[in-house]
Amino acid sequence: MVEGKFVAGTGRTQVTMQVTPVGDDLQILLTAGIVHIGAVALAMPCPPTNEGVTASVSVLTVPGHRDDIPASRVALAICKVVGRPIAVSAGLHLDGASKEEINILLKNSETLVQNFLIALQERK
């Protein structure tokens, strides 16, 4: 299993993803700006359907935070490929973030997922 630190973006909108194996499963810490835990998402693989591999995601969010969006997206995307439980703790906070900066944070989170999946494929 691939583990380690992945980084996407620069400056204020840089996002870091720390991947730690927990047995055959993965724990992921997704952070940007002021490091904190704003939400935790747990993705569990479901039996394949006609639509392909699916997963179920449960999310807990700290009141007033919106970190559930990147947490659930990252957990779901990786779980659907890895087929193992994936736990993501996310805390992305920029004081006075503009709508554009928020979109960049989400895009950088998606880039991190793709970089992780590429590293996973290369490891096989």
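The values are calculated or read from the model by the stated rules, or taken from the named source; none is laboratory data. In this text, all values refer to a predicted model and were calculated from it rather than measured experimentally. Methodologically, a virtual Cβ is constructed for each residue, glycine included, from the backbone with ideal geometry; neighbour enumeration extends over all protein chains shown. These area figures cover heavy atoms from the full protein model, side chains too; ligands, DNA and RNA do not enter into them. Shrake-Rupley method; radii C 1.70, N 1.55, O 1.52, S 1.80 Å.
For the stretch 14-21, does any single residue satisfy the condition of being part of a helix (DSSP H, G or I) and in contact (Cβ under 8 Å) with a residue 60 or more places away in the chain? The answer is no; no qualifying residue exists.
Being out of contact with any helix residue (DSSP H, G or I) (no Cβ under 8 Å at 6 or more places or on another chain) and open to solvent by 30 Å² or more (accessible area, probe 1.4 Å) is not true of Gly91.
Just so you know, in the stretch 94-120 the residues that are polar (S, T, N, Q) and crowded, with 19+ Cβ neighbours inside 10 Å include one that is nearest to Val19 (Cα to Cα), and it is Ser109. Please determine, by comparing only the residues of the stretch 32-73 that are open to solvent by less than 70 Å² (accessible area, probe 1.4 Å) and touching a residue at least 60 places away in the same chain (Cβ under 8 Å), which one is nearest to the chain's Cα centre (by Cα). My answer is Ala32. If I ask for residues that are assigned to a helix (DSSP H, G or I) and touching a strand residue (DSSP E or B) at 6+ places or on another chain (Cβ under 7 Å), which ones from the stretch 93-124 would you list? Residues satisfying the conditions are Leu105, Asn108, Ser109, Thr111, Leu112, Asn115, Phe116. Here Ala55, Ala90 are screened, and the one residue that is part of a strand (DSSP E or B) and within 19 Å of Glu3 (Cα to Cα) is Ala90. Take the residues of the stretch 21-31 that are open to solvent by 40 Å² or more (accessible area, probe 1.4 Å) and of a type in the set (A, V, I, L, M, F, W, C): which is farthest from Val88 (Cα to Cα)? Per the criteria, the residue is Val22.
Scan the stretch 1-20 for residues that are in contact with an Asp or Glu (Cβ under 9 Å, 6 or more places away or on another chain) and open to solvent by less than 40 Å² (accessible area, probe 1.4 Å) and the total you get is 4. Being of a type outside the set (Ser, Thr, Tyr), closer than 23 Å to Arg123 by Cα, in contact with a strand residue (DSSP E or B) (Cβ under 8 Å, 6 or more places away or on another chain) and not in a strand (DSSP E or B) is a description that applies to Lys80.
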